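Report on the following structure.
Bear in mind that the values in this text are calculations on the coordinates, not laboratory data. Remember, it's a predicted structure, so these values are computed and weren't measured experimentally. With ideal geometry, Cβ positions are generated from the backbone for all residues, glycine too; neighbour counts draw on all protein chains shown.
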Amino acid sequence: MTPRQAWPLCVAAILLCAGGAAAATPAPDDPACSAEDRVFMKRAYELARFATTHGGGPFGALLVKDGKVLAEFSNSVLSTGDITRHAETGLISAFSPKIDRATFERSTLYTSTEPCAMCCGAICFSGIGRMVYGTSEAPFVAAMGLPPDPDPLTSHEILRRIAPGTKVLGPLMEAEGIKIHEAFWAVHPEYVGKL
Ligand SMILES: [Zn+2]
């Protein structure tokens, strides 16, 4: 999330009190995604739901190589007080001591929501070869009750610039991700911009 999107709580509160965010329309799936990608994205959404009841925001990620799950992580910013415990950065931080660079390069990171700039940086330094995200930034921002970012910086653009060796795909199964976000942010506007 960019600083511009991390507007103060009062902005979201006002919008939510005024009737909430308009329901976002899911974007079509990235046609480059496979049936296997859908299976693992389903798991990323499960991890996102898990996080909402276990001290985190609605974000989950997993690392997969050759059809095998190597690592999973759910956002745990609230339970740890560590602002770097996003699903993607948290996963890479927790598991990079155990996973060598060559393994990262041949793995796919599935993440329930398009990664922020911090997480793109971690993806870059890990050397992860492929990243698939579920829900795009725009409907995520809408679910928080924030206005559209007039100058969005997408993970496609960030990773194209800083990690051209990482293949980026998404969105995928965005309708499911939007439901998770809308359910969470409707009752937790106090966490907008903090998770
Ligand atoms: Zn992040």
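Here are some notes:
- The residues Thr113, Thr89, when put in order of fewest to most other Cβ atoms within 10 Å, stand as Thr89, Thr113.
- R0 of 30 Å, Cβ-Cβ distance Asp82-Asp30: FRET efficiency to nearest 0.05: 0.45
- The Rg/Rh ratio for the chain, using Cα coordinates for both the radius of gyration and the Kirkwood hydrodynamic radius, is 0.95.
- Binning the C-alpha pair distances of the stretch 117-159 at 5 Å intervals from 0 yields a P(r) profile of 5, 19, 27, 22, 15, 9, 3 %, listed from the shortest bin outward.
- q = 0.18, 0.21, 0.25 Å⁻¹: log10 I(q)/I(0) that the Debye formula gives for the stretch 28-85, counting C-alpha atoms only: -0.65, -0.80, -0.95
- In this simple spin-label approximation, Lys167 and Lys194 carry label points 7 Å from Cα along the Cα→Cβ vector, and these lie 4.0 nm apart.
- All other residues whose Cβ lies under 11 angstrom from that of Ala142 are scored, Lys and Arg at +1 and Asp and Glu at -1, for a net of -3.
- Loop-resident sites, the stretch 68-132, for trypsin sites (Lys or Arg not before Pro), counting at most 14 other Cβ within 10 Å (DSSP): Lys98, Arg106
- Modelled spin-label separation between Phe125 and Asp151, with each label point placed 7 Å from Cα along the Cα-to-Cβ direction: 2.7 nm.
- In the stretch 90-195, Rg over Rh equals 0.99, where Rg is the alpha-carbon radius of gyration and Rh the Kirkwood radius from pairwise Cα distances.
- Amide N proximity, the stretch 110-129 versus Lys65 label position 7 Å along Cα-to-Cβ, cut-off under 19 Å: 110-111, 122-129
- Projecting the Cα atoms of Gly145, Ile178, Gly67 onto the charge dipole of the chain (Cβ charges, centred on the Cα centre) puts Gly67 farthest toward the positive pole.
- Annotation: lysines with alpha-carbon distance below 26 angstrom to Lys65 (same-chain offsets under eight excluded): Lys42, Lys98, Lys167.
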